[in-house]
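Trainee: Have a look at this one before I ask anything.
No lab work stands behind these numbers, since they all come straight from the coordinates. Quick caveat, the model's predicted, so the values are computed rather than measured. FYI the Cβ positions are ideal-geometry reconstructions off the backbone, even for glycines, and counts take in every protein chain you see.
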Amino acid sequence: MFDWSSDTERSLEETHTRQGQGAEQSALVEALHRSQGIIEFEPDGTILTANDNFLDVVEYDLGEIKGRHHRIFVEDEYARSEEYQRFWDRLAAGEYYSDRVKRVTKGGNEVFLQATYNPVLGENGEVQKVVKVAGNVTEQVRNERLAHQVDRMLEAIDRFSDGDLTARVRTDESDADTDGEIQRLFDGFNQSVGNLRQTMRQIREAAESTVSAAGRISASTDQMAASAEEQSAQAEEVAAAVEELNQTISENTEAVQQVAEAAEEGSRQARQGREVVSETTTKIETVAAGAEDTAEAIGRLGTYREEISRVVERVDEIASQTNLLAL
């Protein structure tokens, strides 16, 4: 016998279960709508609907976006890119996507969403729509950026405090949307360090110039000292030469005096010589006169010689005669 009561009880339990699951899902969806921004799209990205949380973030009314494409929430360059087209192609193929994304509001401001794109499949397994659930994390991103920028600023300051005058706050892609005050802080720090570096360069150049000038002065001083020593040596040589000259002059003076005395003596002797010569001349003249007398006497003797010869011959004859007589 078939037990209808058991089948009825199981049917009631299944109904209650489905109702409970439905109520749970409804509560979950309601909770998501209260805390998250939700927007639904056609598989090609056309907007179907959006809740108030999402509309508040993007600063639109539902009537302004319904029927338009998702690209109104992204930057123009990204909307025209192949990457963006592939993004929707993958969603239409049923791929799930989750990431932190940057979007643009109606007023042109950037916002950051922690978003999941959930393709919803129909009974035939094809994507019927894409539901995006997103939380606004703009403040979190800004705080993270600020923390990152502060870290880079502190790193640059640490390098600067260690004496590194090349320290700079380097910019990166995240700085494109940096708050103006932070960017001015970066620029001010970089400019201050750059000015200090330029000042230190000028000081170094001045110091090098001073050292070079001091070197030249030192070299000039050394040269002057060497010149002074050389001049002193030359002065000593000159003094010695002057002393020697004085001695030579003194000796020459004595020699001149001796010469003068000798000249005077020579003059005296010359005078005496002249007197002797004069006397000799007189004597010679006297002798000459005597010689003439002698010559005359010799001449006369010549005459007398003939006579004497004749006398001698006569005497010889007489002697001869006498000898003969004696025989």
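Trainee: How big is the Cα convex hull of segment 76-223 in projection, averaged over all directions, in nm²?
Mentor: Here the figure is 14.5 nm², rounded to one decimal.
Trainee: Ok, one more. Check which residues have an amide H placed less than 5 Å from VAL137's amide H, if you skip close sequence neighbours.
Mentor: For VAL137, whose amide H was placed from the backbone, the distant partners under 5 Å are PHE112, LEU113, GLN114.
Trainee: Right, another one. Beyond 13 Å, what share of the Cα-Cα pairs of segment 147-220 remains, rounded to the nearest whole percent?
Mentor: Summing the P(r) of segment 147-220 above 13 Å gives 71 percent of all pairs.
Trainee: Assuming R0 = 30 Å, can you tell me the calculated FRET efficiency for the pair SER35 and LEU121, based on Cβ-Cβ distance, to the nearest 0.05?
Mentor: It comes to 0.75.
Trainee: GluC sites (Glu not before Pro) within segment 83-127: which are DSSP loop residues with at most 12 other Cβ atoms inside 10 Å?
Mentor: Those satisfying the criteria are GLU95, GLU123, GLU126.
Trainee: At what distance in nm do the modelled label points of ARG86 and ALA213 sit from each other, each positioned 7 Å from its Cα along Cα→Cβ?
Mentor: 6.7 nm
Trainee: Between ALA226 and MET153, 0.36 nm times their residue separation minus their Cα-Cα distance comes to what?
Mentor: Length difference between fully extended and current span is 20.4 nm.
Trainee: What distance in nm lies between label points placed 7 Å from Cα along the C-beta direction at ILE182 and GLU110?
Mentor: It works out to 1.0 nm between the two label points.
Trainee: Using a 10 Å cut-off on Cβ atoms, rank the peptides 64-72, 33-41 from the highest mean neighbour count down.
Mentor: Most protected by this proxy first, the peptides run 33-41, 64-72.
Trainee: Place a point 7 Å from the Cα of ASP44 along the Cα-to-Cβ direction; which residues of segment 69-83 have their backbone N under 19 Å from it?
Mentor: Counting backbone N atoms under 19 Å from the label point, the list is 69-74, 79-83.
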